[in-house]
Amino acid sequence: MSEKKPVDDRQVLLLPDAGPLITLAYADALDLLLEPAWNLALVDMVLHEVTRNETPTSDKLAEWARDRQVEVLSTRTYAHHQRMRTDSVSSSRKRNLGELAIQEVMNELALESPPRTGVFLFEDHKIARAGFFLPDNCRKVSTRAFLLFLENRGGIQSAAEIERRAVRAGRRFSRLHFPPHR
């Protein structure tokens, strides 16, 4: 039986979905995505989802990504979405395009040599329970689990306080615990 080698933090790519970005924006805690010293990238479709309409967090998210010079990964999913919008053809698929684009990036990570570790940060109940395909080198982690990870590493004092800040600011934060408590 072979031992697992520890993962080099510099070889980890954090890919947040829209939900965690919105929650952390409500909590004024977007910089926590930089805390673990992993590489951070936003998938183009996800960035579009969180900035295309005026919301309480859309400007904050756009400014934060620009000011921090967060890498934005291009996907065929977003390119297709843009073509469908400009061709005046109604795309039959409009839901879950951010997750589909993240799936596309994770599949590409699996083909790298050596493959980097992808961490898909999510907040949607459907994703936690869905048959979302994860290559061996990728993980899915809920916002709450990510905050607890940061707390356990000493990166933040209290995961619960970040959640409370988001809720006090108006975010309806998921009650989902993933992985589920046993």
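The values are calculated or read from the model by the stated rules, or taken from the named source; none is laboratory data. What you see is a predicted model; the values in this text were computed from it and never measured. Backbone-built Cβ (ideal geometry, glycine too); neighbour counts: all protein chains shown.
Evaluate the range 84-100: report whether one residue or more is under 30 Å from R153 (Cα atoms) and either buried (at least 16 other Cβ atoms within 10 Å of the Cβ) or not polar (S, T, N, Q) (or both). Scanning the range 84-100, I find at least one residue that is under 30 Å from R153 (Cα atoms) and either buried (at least 16 other Cβ atoms within 10 Å of the Cβ) or not polar (S, T, N, Q) (or both), so the answer is yes.
Given the condition out of contact with any Leu (no Cβ under 7 Å at 6 or more places or on another chain), among the basic types (K, R) and over 20 Å from R168 (Cβ atoms), answer yes or no: does some residue in the range 51-58 qualify? For the range 51-58, residues out of contact with any Leu (no Cβ under 7 Å at 6 or more places or on another chain), among the basic types (K, R) and over 20 Å from R168 (Cβ atoms): present.
Scanning the range 123-147 for residues that are assigned to a helix (DSSP H, G or I) and modelled with pLDDT under 95 yields a count of 8. Let me spell it out: the conditions are (1) over 18 Å from E163 (Cα atoms); (2) out of contact with any helix residue (DSSP H, G or I) (no Cβ under 6 Å at 6 or more places or on another chain), and G19 meets all of them except one. Which number is the exception? Every listed condition holds for G19 apart from (1).
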